[in-house]
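Values in this text are rule-based calculations from the coordinates and carry no lab data. All values reported here derive from a predicted model rather than from experimental measurement. FYI the Cβ positions are ideal-geometry reconstructions off the backbone, even for glycines, and counts take in every protein chain you see.
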Amino acid sequence: MSHDAIVQLKQDHQEIRKAFRRFTEAGENATTRKGQLVDTIIELLTVHTYIENEVMYPRVRELLPELEDDVLESYEEHHVADVLVVELAAMKPTDERFDAKTTVLIENVTHHMDEEEQDWFPKVREGLGRKALQEIGEELLAARKKAPTRPSQPSALKKTIDAVLD
């Protein structure tokens, strides 16, 4: 895996998009398959939002204060995703609103990833340069190793609670 922070985050985005596509293409009555895919989506998003919230956003906020508004917006977008993920984790694929809630999650997260890739990442790359992105990338790799994979894990719950209280 690349040590460049933006490359890592874009790779996560590709994996998340792939899981989203599989869910969307699963078909109307693929309840078991959709449940498995949502479990995968929950794990991917829990890890990804954790490493961004714990490493990427605070480091960018510190090093590029002019991007403060972008970082704050990203925290809020993560908060919305976190709430949906917590709710989905408690649902069964047969629940009436399971597909609808997953669709809303997919739409929100896709918008967030598109915005990051098209607008935010280029600003960050220009503002930080290669060396800083490599260093942040190392921190992301370390955070990934201890990242929660389920929203019910204490470190994930802390992230969600912090987002509500901040």
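Points worth noting:
- Projecting the Cα atoms of GLN36, TYR57, GLN134 onto the charge dipole of the chain, computed from C-beta unit charges around the Cα centre, puts GLN36 farthest toward the positive end.
- Rg/Rh ratio calculated on Cα atoms of the chain (Kirkwood radius): 0.97
- Fewest-first ranking of LYS92, LYS18, LYS10, using other Cβ atoms within 10 Å as the exposure measure: LYS92, LYS18, LYS10
- For the chain, the longest principal axis of the Cα atoms and the long axis of helix 5-25 meet at an angle of about 10 degrees.
- Folded to 0 to 90 degrees: helix 98-115 orientation relative to the chain principal axis, Cα: 20
- Given R0 = 30 Å, the distance between the Cβ atoms of ASP95 and ARG17 translates into a calculated FRET efficiency of 0.75.
- Sequence of MET56, MET91 once ranked by neighbouring C-beta atoms within 10 Å, starting from the fewest: MET91, MET56
- Cα-based helix-to-principal-axis angle, 31-51 vs the chain, degrees rounded to 10: 20
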